[in-house]
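Read through the structure below, which is laid out as structure tokens, and then see the notes.
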Amino acid sequence: MHYTGGYVSPKIVNDHDICLELMRTFQRQHIDANGWSDFAYNLAGCPHRRLLEGRGFGVMSAANGPGLNDDHYAILALVGSSGFTQPSDDLLHAVRDGIELLRKHGAGAEIKGHRDGYSTSCPGGPLYAWIQRGAPRPAAAAPKPKPPVKPVKVVWDGDVPRWPGRVLKLVEGAMMRGEDVRVWQDKMKRRGWNLDVDGVFGEQSSDVARGYRRATGLPAGDTVDKATWAMTWSWTPPPEKSA
């Protein structure tokens with residue numbers, strides 16, 4: 001396991017093109033300056049959980065040092081000694097993907113940092129600490145708790161409820177619920193519309209809202225906005241007949 005040993009811009013986390021250019025820079029350095037046949041590492045992992053192919057499988061690395069190249073594959077993690085230094089979970093996943101892929105191509109169980117066989121600080125403290133723990137996959141992040149839903153309180157002025165302050169509408173995957181929905185449904189049912197009073201604004205409520213707006217001359221739509229709410233308590237059109 002290796003790191004770049006130099007500065008890596010923190011912008012790399014949000015720009016995959018930086019990963020690709022970094023790979024090309026290393027390849028040019030290894031070929032033109034070092035006189036090697038190609039990029040020194042077999043694989044590279046980037047912080048976008050992309051696994052980038054270097055020398056590939058069954059090919060000797062040039063990155064580990066004399067003697068070590070014969071017996072070990074080399075994976076480069078695109079993290080540096082300054083700038084972007086703390087491996088992200090996606091970067092560690094990418095490296096782990098590379099380890100498992102190399103094992104499918106005959107690599108053994110041993111995972112070592114470059115410093116384990118050569119006098120170097122590579123692969124840096126954070127990455128080396130992960131390797132010493134056995135290079136485990138990052139644990140899945142615990143789901144963030146959902147904020148509690150603040151109940152909608154309906155305030156009445158005599159027999160007329162005030163506008164609750166939110167548009168009632170059909171929301172895919174999380175239908176709107178609340179006392180305001182139930183109050184509106186109850187009023188519409190009393191007006192003769194075919195509607196269950198369950199406090200859930202589903203397909204049925206959406207259809208009734210659409211029909212009511214059409215019948216009252218309100219702009220077309222299937223939501224209960226402020227104007228539709230006011231009209232519900234001020235005028236009674238005849239219910240539309242089912243087809």
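The values are calculated or read from the model by the stated rules, or taken from the named source; none is laboratory data. Computed from a prediction, not measured in an experiment: that's the story for all the values here. FYI the Cβ positions are ideal-geometry reconstructions off the backbone, even for glycines, and counts take in every protein chain you see. To get the accessible areas, we keep the full protein, side chains included, count just its heavy atoms, and leave off ligands, DNA and RNA. Shrake-Rupley method; radii C 1.70, N 1.55, O 1.52, S 1.80 Å.
In table form, for the structure just shown:
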quantity	calculated
Lone qualifier among A74, A40 - being touching a residue at least 60 places away in the same chain (Cβ under 8 Å), of a type in the set (G, A, S) and touching a His at 6+ places or on another chain (Cβ under 8 Å)	A74
Condition check for L68: under 15 Å from L22 (Cα atoms) and aliphatic (A, V, I, L, M)	no
Residue within region 121-128 that is surrounded by 12 or more Cβ atoms within 10 Å (Cβ to Cβ), touching a residue at least 24 places away in the same chain (Cβ under 8 Å) and among the polar types (S, T, N, Q) present	yes
Selection within region 83-110 - open to solvent by 40 Å² or more (accessible area, probe 1.4 Å) and of a type in the set (A, V, I, L, M)	L101, A109
Cβ-Cβ under 8 Å pairs, at least 6 apart or on other chains, region 210-229 side at positive phi, far side open to solvent by 10 Å² or more (accessible area, probe 1.4 Å)	G221/R210; G221/R213
Residues (among the aliphatic types (A, V, I, L, M) and either within 16 Å of A209 (Cα to Cα) or touching a residue at least 60 places away in the same chain (Cβ under 8 Å) (or both)) located in region 146-186	V160, V167, L168, L170, V171, M175, M176, V181, V183
Conditions (1) aliphatic (A, V, I, L, M); (2) touching a helix residue (DSSP H, G or I) at 6+ places or on another chain (Cβ under 9 Å); (3) at pLDDT 95 or above; number of the one not met by I99	(2)
Selection within region 125-148 - modelled with pLDDT of 85 or more and either over 18 Å from Y3 (Cβ atoms) or not in a helix (DSSP H, G or I) (or both)	R133, G134, A135, P136, R137, P138, A139
Members of region 48-81 that are open to solvent by less than 20 Å² (accessible area, probe 1.4 Å), within 17 Å of G108 (Cα to Cα) and assigned to a loop (DSSP other than H, G, I, E, B)	G56, S61, N64, A74
Total residues in region 187-207, condition touching a helix residue (DSSP H, G or I) at 6+ places or on another chain (Cβ under 8 Å), free of Cβ contacts under 8 Å to residues at least 24 places away in the same chain and under 21 Å from R162 (Cβ atoms)	2
Filter result (among the small types (G, A, S) and loosely packed, with under 13 Cβ neighbours inside 10 Å) within region 18-47	A33, G35, S37
